[in-house]
Amino acid sequence: MTSTCSLDVEFADKINTLLKIPSPHEAQDYFDKLIKTRQCCGIRIKHDGEYGKGVYTETEFAEGDLVLKDQMLVGAQHSSNKVDCLVCSYCFRFIGSIEHQIGRKLYLQDLGLSASKECVEMYQHTSNGCCPDDSLDGEENSLMIDHESSGPCTSSDQNYKIPLPKEVITSLMNGDLVLPHSDQFPLPSVVPCPGGCGEANYCSKSCADADWELFHSLLCTEERSGTSCREALIKFIQHANETNDIFLPAAKAISFTILNYKKLKAARLENQESYSSLNSSEDYGFSLLLEAWKPLSMGYKKKWWDCIALPDDVGSHDESSFRLQIRELAFMSLQLLKEAIFEKECAPLFSLEIYGHIIGMFELNNLDLVVASPVEDYFLYIDDLPDPEKQKAEKITQPFLDALGDDYYVCCQGTAFFPIQSCMNHSCCPNAKAFKREEDRDGQATIIALRPISRGEEITISYIDEDLPFEERQVLLADYGFRCRCPNLTINSALRSSAIILSHKHIAGRSVEHKAMILKVPPLKFCCGRRKIYKLFISHLQLVPNQRMSKYE
Ligand SMILES: C[S@@+](CC[C@H](N)C(=O)[O-])C[C@H]1O[C@@H](n2cnc3c(N)ncnc32)[C@H](O)[C@@H]1O
């Protein structure tokens, strides 16, 4: 039997209006304004293409030109990755210090945890006051939760690690022990969550304030923050981490809309409109909700359980029961979220239709969020020092590298929806790619031209690894609901030897599951026997013209 959400029945008309595809005029107006706020010029979103919306050039781009730097609308670090990297919860920059990043990871590793396992155990441990550092206080809720999934770049216990004494790790975390040359890699200080939950940390007050204003004030688990149902919120987070952490950005999308609604309402009231006109007219309230929802209304959407690809281990005869299970999972998550942050004036947002469409939108549009680790840069820097400076530094750094094992370079990973990039259609011979350059140290998406693009041409990216054989490409593209009809000609390999950072990632059905592969980078120079091999998600490979990597060529 399928669970029914009463809000779906009660607000059926409003839900239909919220999910209506915006008119071309409305969308054009929205995207024209949005593009003006981005680091890009010479692109336009058009609505009359073969595949719905598409991004087109209004100028010429040369190979390697920056086409777009897009800011995410909603993004989240994977729960499993939180053990490995301490990043700004808003822009996903690494924060603290090289020492703090290493110390924190070793501390958690010392508790016998990898990112994917035994996190509950760690939670119990830290809750008992065993945490040596205040900066870990409150992280428990976010760290305890994922004991199910394992991303491709997360810790593994398979590589050999030589543990360090606890006191050394503690002094590293406390800042008493300073590593040689770490001043070459300054990181922003940790700014704690203004609500005091300790789960969210930031690189600056402006990021803390922006996150609070846009999302976190409704999702903060600290009692003082005024979140009405803290227990329910914690349960919601736990459920997301035990099942599929895509529910976390979905909650952010709902939070964003509620907070936006409240802001719009307050602004209207300030503009002398009477309380009575706002409160008495239901339509007026709904028009505000429509306005608040607008950024999300623009994304291409289908219901999650309808569009999600059937996993390999589910036969077609089990398809309907699989889709039903996904729907039930979303239903369960939504009940917990509703208990935590329900807002009467925004009730239609808590319908299963809307929740399912938000997650489906992520399924069809999201890019991987990947930010390279400064800890890797640090060890590479030490490795590149001339002797005898190198020998001197390595006497101190080597034990830390040995303790970290092969996981010393784990990057920040998550998933994010980028409003402009998400309008880019797929081609198996794309003219652009999403990537990260040396200077791109945050979670934003950077799109670069792979070859000269002429005025008026559509900008296309590949959602999958375009090097795969034709049939495999078609299978992967079926996840996006279409078969590609473009011929895959010779791929421009000019940028191929560089690092790959961003990729389209499908959110797996029942738990977070990444399709990983080892990227074909040129033979690597070894750094103390463990210079990194990039392990990245694949569904959609993106090349990074990255100076840092060019030295390997
Ligand atoms: C990320 S969205 C791209 C923007 C989308 N065209 C829109 O209208 O918002 C992905 C969806 O666009 C459509 N699409 C993108 N590239 C396509 C292609 N090469 N052939 C057919 N459909 C495509 C598919 O429906 C796909 O699920």
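Values in this text are rule-based calculations from the coordinates and carry no lab data. Quantities reported herein were computed from a predicted structural model and do not represent experimental measurements. Cβ: placed from backbone, ideal geometry, glycine included. Neighbour counts: every protein chain shown.
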Kirkwood-based Rg to Rh ratio, the range 283-384, C-alpha trace: 1.17
Among the listed pairs LYS33/LYS252; LYS265/LYS338; LYS105/LYS166, give every one whose C-alpha distance is greater than 18 Å. LYS33/LYS252; LYS265/LYS338
Inverse of mean 1/r across different Cα pairs in the range 326-455, Kirkwood, Å: 19.3 Å
Over the range 1-65, what is the mean sequence separation of C-alpha contacts under 8 Å (at least six apart), divided by residue count, expressed as relative contact order in percent? 19 percent
According to the square roots a ≥ b ≥ c of the eigenvalues of the Cα gyration tensor, what is the shape class of the range 318-369, taking rounded for a/c under 1.5, prolate for a/b larger than b/c otherwise, and oblate for the remainder? oblate
Fewest first, what order do LYS205, LYS161 take by the number of other Cβ atoms within 10 Å? LYS205, LYS161
Enumerate the amide H contacts of LEU177 below 5 Å, restricted to partners 5 or more residues apart or on another chain; note that Pro and chain-start residues carry no placed amide H. LEU172
When a footprinting reagent is the concern and you count Cβ atoms within 10 Å, what order do TYR56, TYR202 take, fewest first? TYR56, TYR202
Radius 12 Å from Cβ of PHE31, net charge of other residues (Lys, Arg +1; Asp, Glu -1): +3
Is the range 1-105 rounded, prolate or oblate when judged by the Cα gyration tensor, a ≥ b ≥ c being the square roots of its eigenvalues, rounded requiring a/c under 1.5 and prolate requiring a/b larger than b/c? oblate
